[in-house]
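Some notes on the structure that comes next.
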Amino acid sequence: SAPTTTASTADTELPPAQTVAAAATVGGIWSFLLNDTQEKDLAVSIFQKDSDVFGAGKMREGEDIMDVAVSGTVTSSTLQINLVTLGTISLYKLDLDLSGEAASGRFQAISTSGETWTGNADGQKTA
C-alpha cells in the first residue's frame, strides 16, 4: 500500500511544477512590426515572472511616437500581450505563436471610441 500512496502523492504534486516550467523565457528587448492599414514599429522591454509578462516601450506610426505599456501571459508556445498606447489611447491585443526568439500572429486593436481593427504582428527578441 505504501507504493500506491507515493504514486498518488507524486501525481498531485507534479502538475503545479509542470505548469511553472512550461512558460517559455521571453524576458528581454523585443522589436515588433504591427501591420494593418499602416505599419507600426514597436520596441518594448519585457519582464517575466513565471507565466506573467509586463513591460513598456515605444510605438512608431509614421512620424508619431507613443509610449506603450505591456502586460500579458506566456505559455511554452504562445505569448499573449496587451499593449496600451499612451497619449492617443488604444488597446492592442496580440496573440502570438513563439518559435525560439521569434513571435508571429495576429492582433486586434480597440480605440477609445470603440472602433476595432485587426492586423498581423511579427516580432523578434533582440537582446
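Laboratory data are not the source of any read-out in this text; all were calculated from the coordinates shown. Since the model is a prediction, treat every value here as computed from it, not as a measurement. Here the Cβ positions follow ideal geometry from the backbone for every residue, glycine too, while neighbour counts run over all protein chains shown.
Miscellaneous remarks
- For region 113-127, the residues whose amide N sits under 20 Å from a probe point set 7 Å from the Cα of Ser77 along the beta carbon direction are 121-125.
- Here the spin labels are modelled as points 7 Å beyond Cα on the Cα-Cβ line, and at Glu61 and Asp97 they lie 2.7 nm apart.
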